Amino acid sequence: MKKSTRAGGELLLEIGTEEIPSRILPQALIDLKEKAGRIFSEARIPAERIETFATPRRLVILATGIPQKQSALVTEVTGPPKSAAYDLEGKPTAAATGFAKAQGVPVESLTIKKTEKGDYVCAVRKQPSVPAVRILKDLLPELVLSVGFKKMMRWNGEGIRFARPIRWIVAVLNGRVVPFRLAGLSSGNRSRGHRFMASRPFTVKSWDGYLKSLRRHHVILDPAERERMITDGLLRYAKEKRGSLKVDADLLSQAVFLTEEPVVMMGGFDAKYLALPPEVPMTVMKEHQGYFPLLKPAMDKSLLPHFLFVSNVKTRHPDLIRSGNERVLRARLEDARFYFEQDRKQTLKERTGQLKGLVFHEKLGSVFTKMERVQKLAATLARESGRGEQEVGRLEQAAFLCKSDLLTGMVREFPGLQGVIGREYAKLEGEDSEVADAISEHYFPRSADDPHPPRTITGKYLTVADRLDTLVGFFGADLAPSGSVDPYALRRQGLGLVQVLLDKAFEGLSLRRAIESAVRLYSDRGVSLKKDLSAIDASLRPFLTQRMETYLERRFQDIHGGYRVDLVDVVLCRSFDNLLDPYLRLVALMSFQKQPDFDPLIVVFKRASRILPPDFKGTVRPEAFKETAEKELYRNYIDVEKQVSDDMQKRNYSEALWALSLLRRPIDAFFNGVMVMDEDRAVRENRLALLQGITKLFTAFGDFTRVAVEEKNKQ
C-alpha cells in the first residue's frame, strides 16, 4: 500500500468494532467507497481519491484531496413577471415581497432577468462556503450508518444498528480530530492494534503514521497485502511437501478477512483417513474448518496427509496452535469415518423406500413421489430427444438412486456432500460409472456463479427433469417467487435449468411439451396442483426467459467481451419453445455486430421496414420491374432468400447473417435509384412487396428494429 502523497486535505476515518463476519466485508468495502464519494460530493467537499480497507475489527476510509472549505453555492430562482412585481412607480408589489420572503432574500436584492417570454423577477441566493471540518462533523455519522448489512445488531440504548458493536472511532482531518458522537462514543485519534498481540491504544496523527503504528501493533490493514502473505505462505508449504494446491477463492477471501496479521501454518492427519473418498476429508477441511487441503502433484484429487491453515496469532509456540487444529480435524475425520462405515451397511437401493417418510413439500408430496416423477419425466424427455433405450435405462436407474443419500449419516452430518457421497456409494455398490456420476451431477450447477453444468448425458437429463419437476410443482402450488421473496430458491433453480438447457443435447426439446409432461406426472401420482397447465405454462415460461436474460448477461460479459441489451432483445422479444435456439442466434449476432457492415445494414433494414404501410400485403411481380436498381435488388434477394432459408433451418446463424449482409449495398442502390412511393399504384405496390419480402428475411432471425444503431453511433 502506497503512502499518501496527494495534495489537499487528508481524512482518515476508522470504525473499530467487534469481529465482523468475513463473508460480508468485501461488499461492505465497495458500499462504503461508493457512499463516501456520493455523500462528500453532495456536500460540496468532493475528495480527489477515496480508498477503503478492512480487517475483522475495523472499517477504514482514506479520503485525500478534500478541499479546506465547502464550495460556494449560487442558486437563481425565477419569480413573477416584472410587470406583476412592480407598479407603475417602480415600487414592489405584494407579488414581489411575497416571492422575496419565500426565497429568504430582501426584496431590494431582487434582480430583473430577460427571458424569451419577457422580463422576470429573479432571486439570487448565495450559500457561503463552510470549513470542511464543520461539514464532516455531521456527514461522518451519516456515512457510517449508511453502510447496509444483511444482518444488523443493536447493542445499546441508542438503537444504533451495525454489523457488530462499535467500540471506538478515529476521525482525523489533517492531523486534527473531527469531533462527533455516534453509538454513545466520541470520535478521537486513538486507535487499537491486534486484540491479542498488541491491544494497547495508540495515537493517530496522519495516514502514514497510522499505517506504521498498525504494523507495530500487528495489524496489516490492506486486504490485498494480507492475501499476498497468505498465498505466498500456502505455496511455500506446498512446495516443501512437493504437493499441489488449488486455492479456493472463497476460502482465501475468508482467511483474508478473518485475520489482521495472517500466519500460514501446516498440520497433518493420520493417513488412514485417506481411505475415505477424497471429497470427504476435503469437505471437512474446507467447509467445516476453513483449511486448505494439499494434493499430490498429479492433481488427481489424491490427498496428502497434510493441511494448511491461517492463524491470526503469531506466537513463540506454534506447535500449540498446530496441535489444537490437528486435534479438531482428527475428531471431525473420525466422525466421517464412522458414518461412512455405518452407511455402507445399507445400499442406496435399500434406502430408496425410506424416502416415503421424507417430505419434499407438504403440498407436493414426499421425496419418494418426487423421485418417481423425475424418473418418468427424465425418461420421457430422453425418448422424445431420440435417445436409445440403453441410455434411458441408465437414466432411470440414476433417477431411482439420486435422492437416497439424503438418508445417509454422512449427508446428515456433512450436508455439503449431498450427491457427492451418493456417487461414491453407487460406485462402491457396482453401479454403472455414468449412473454414479449423474447422482452427483444432477445438483450442478450448485450456485448462480458455478460454471460447471453436468458433464454426462445422464446427468444432463436428470438435472433438467429434477429442476423442471420442482419449478412446475411450486408454480402449480402458487408458490412462485414474488418480488425479492424467494424462500425456495426457485430463481437459482431456474437459472441452473436454463444453463443446462443451453446444451446441444436439448436442441430438439419442446419446453411446452416438457412442462405438460411434468404437470401430468403430478396428477398421475395423486398430487393436485392449484393451477392448471395453461396457467403454469403462462407464468413459468416468462420466468425462465428472465432467468435466461440474467444468465446471458453474465456469460457475455465474462466470455464474449460485452453485453448489449438491445441485441438480446432482438432474439428474446418473441416467445420460443426451445432455449438453445435463441442462444445460438445471440452468439452469432454478438459476433456479427463487430463487423463494419453491421450498422449500415441495420440502418437500411430499418429504412425498409419503416416505409412499409401497416398491414401491407403484396406479391412481387418480377416482370413489372423496369429500373436497373430494382431488378438488381430482386435478383440478390432471390439468391439470399434461399441461402438464409437453408442456414436458418440448419441453425447456421452466422452464415445466415452473412448472407443478409449481402443485401446492404443493393438496398442502398435501390433507395438511391428509384422512388418507392411512385404515383403509379401498381409500381408502388410491387416495390413495397419486394421490401416486404426483404424485411421478412430479417425478421425470420429476430426483431432488428430493436437494435440501437443510432444511440451506439453517438457514443
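The values are calculated or read from the model by the stated rules, or taken from the named source; none is laboratory data. All values derive from a computational prediction rather than experimental measurement. All Cβ positions, even for glycine, are placed from backbone atoms using ideal geometry, and neighbour counts span all protein chains on display. All accessible areas refer to the heavy atoms of the entire protein, side chains included, with ligands and DNA or RNA removed. Shrake-Rupley method; radii C 1.70, N 1.55, O 1.52, S 1.80 Å.
Of the residues that sit in the range 360-383 and are open to solvent by 40 Å² or more (accessible area, probe 1.4 Å) and touching a Lys or Arg at 6+ places or on another chain (Cβ under 7 Å), which one is farthest from residue 465 (Cα to Cα)?
Only one residue fits best here, namely 360.
So which pairs qualify, if the first residue must be in the range 92-115 and without any contact (Cβ under 8 Å) to a residue 24 or more places away in the chain and at negative phi, the second must be part of a loop (DSSP other than H, G, I, E, B) and charged (D, E, K, R), the Cβ gap must be under 6 Å, and the two must be at least 6 apart or on different chains?
If the second residue must be part of a loop (DSSP other than H, G, I, E, B) and charged (D, E, K, R), the pairs left are 93/87.
Looking at 600, 582, which one is assigned by TED's automatic domain parsing to the domain that holds residue 648, assigned to a helix (DSSP H, G or I) and not basic (Lys, Arg)?
600
Restricting attention to the range 375-385, does a residue exist that is at pLDDT below 95 and not in a helix (DSSP H, G or I)?
Yes; the residues of the range 375-385 include at least one that is at pLDDT below 95 and not in a helix (DSSP H, G or I).
Is there a residue being open to solvent by 30 Å² or more (accessible area, probe 1.4 Å) and of a type in the set (Ser, Thr, Tyr) anywhere in the range 214-232?
Scanning the range 214-232 turns up at least one residue that is open to solvent by 30 Å² or more (accessible area, probe 1.4 Å) and of a type in the set (Ser, Thr, Tyr).
Give, as residue ranges, the strands (runs of 3 or more DSSP E) completely inside the range 130-223 that count at least 1 residues that are free of Cβ contacts under 8 Å to residues at least 24 places away in the same chain.
Qualifying strands (runs of 3 or more DSSP E): 190-192, 201-203.
Please go through the range 513-529 and pick out each residue that is of a type in the set (Lys, Arg) and either in contact with a His (Cβ under 9 Å, 6 or more places away or on another chain) or modelled with pLDDT under 95 (or both).
Result: 525, single match.
Quick check: is even one residue across the range 21-29 surrounded by 15 or more Cβ atoms within 10 Å (Cβ to Cβ), at pLDDT 95 or above and either farther than 17 Å from residue 163 by Cα or not assigned by TED's automatic domain parsing to the domain that holds residue 138 (or both)?
No, the range 21-29 contains no residue that is surrounded by 15 or more Cβ atoms within 10 Å (Cβ to Cβ), at pLDDT 95 or above and either farther than 17 Å from residue 163 by Cα or not assigned by TED's automatic domain parsing to the domain that holds residue 138 (or both).
Return the pair list, or none, for Cβ contacts closer than 8 Å from residues in the range 237-253 that are farther than 30 Å from residue 449 by Cα and not assigned by TED's automatic domain parsing to the domain that holds residue 290 to residues that are modelled with pLDDT under 90 and not in a loop (DSSP other than H, G, I, E, B), at least 6 apart or on different chains.
Once the first residue is farther than 30 Å from residue 449 by Cα and not assigned by TED's automatic domain parsing to the domain that holds residue 290 and sits in the range 237-253, no partner that is modelled with pLDDT under 90 and not in a loop (DSSP other than H, G, I, E, B) comes close enough.
On the given criteria, is residue 608 open to solvent by less than 20 Å² (accessible area, probe 1.4 Å) and within 21 Å of residue 708 (Cα to Cα)?
yes
Of (1) in contact with a Pro (Cβ under 6 Å, 6 or more places away or on another chain); (2) surrounded by fewer than 19 Cβ atoms within 10 Å (Cβ to Cβ), residue 481 satisfies all except one. Which?
Status for residue 481: all satisfied but (1).
In the set 100, 132, 94, which member is open to solvent by 40 Å² or more (accessible area, probe 1.4 Å), modelled with pLDDT of 90 or more and of a type in the set (A, V, I, L, M, F, W, C)?
Selected residue: 94, the only one of 100, 132, 94 that is open to solvent by 40 Å² or more (accessible area, probe 1.4 Å), modelled with pLDDT of 90 or more and of a type in the set (A, V, I, L, M, F, W, C).
Here is a list: 349, 286, 363. Which entry is part of a helix (DSSP H, G or I) and within 30 Å of residue 526 (Cβ to Cβ)?
349
Condition first: farther than 18 Å from residue 429 by Cα and open to solvent by 50 Å² or more (accessible area, probe 1.4 Å). Now tell me which residues in the range 338-359 satisfy that.
Scanning the range 338-359 gives 338, 354, 356, 357, 358, 359.
Listed residues 682, 700, 669, 708; which is touching a helix residue (DSSP H, G or I) at 6+ places or on another chain (Cβ under 9 Å), surrounded by fewer than 16 Cβ atoms within 10 Å (Cβ to Cβ) and over 29 Å from residue 576 (Cα atoms)?
After applying the criteria, what remains is 682.
Mind checking which pairs have a first residue in the range 614-629 that is more than 13 Å from residue 693 (Cα to Cα) and touching a residue at least 24 places away in the same chain (Cβ under 8 Å) and a second that is polar (S, T, N, Q) and part of a helix (DSSP H, G or I), Cβ under 6 Å, 6 or more apart or different chains?
Qualifying pairs under 6 Å: 624/686.
With the structure loaded, tell me whether residue 377 is assigned by TED's automatic domain parsing to the domain that holds residue 529 and touching a residue at least 24 places away in the same chain (Cβ under 8 Å) or whether it fails that test.
yes
Where in the range 503-575 are there helices (runs of 4 or more DSSP H), lying wholly inside it, with at least 2 residues that are open to solvent by 60 Å² or more (accessible area, probe 1.4 Å) and assigned by TED's automatic domain parsing to the domain that holds residue 492?
Where helices (runs of 4 or more DSSP H) fall fully within the range 503-575 and carry at least 2 residues being open to solvent by 60 Å² or more (accessible area, probe 1.4 Å) and assigned by TED's automatic domain parsing to the domain that holds residue 492, they are 511-524, 533-558.
Go through the range 416-440 and report how many residues are part of a helix (DSSP H, G or I), over 14 Å from residue 391 (Cα atoms), free of Cβ contacts under 8 Å to residues at least 40 places away in the same chain and more than 32 Å from the chain's Cα centre (by Cα).
Residues flagged as part of a helix (DSSP H, G or I), over 14 Å from residue 391 (Cα atoms), free of Cβ contacts under 8 Å to residues at least 40 places away in the same chain and more than 32 Å from the chain's Cα centre (by Cα) within the range 416-440 amount to 1.
Got a number for residues in the range 484-502 being under 20 Å from residue 533 (Cβ atoms) and either of a type in the set (A, V, I, L, M) or open to solvent by less than 10 Å² (accessible area, probe 1.4 Å) (or both)?
Total meeting the criteria: 4.
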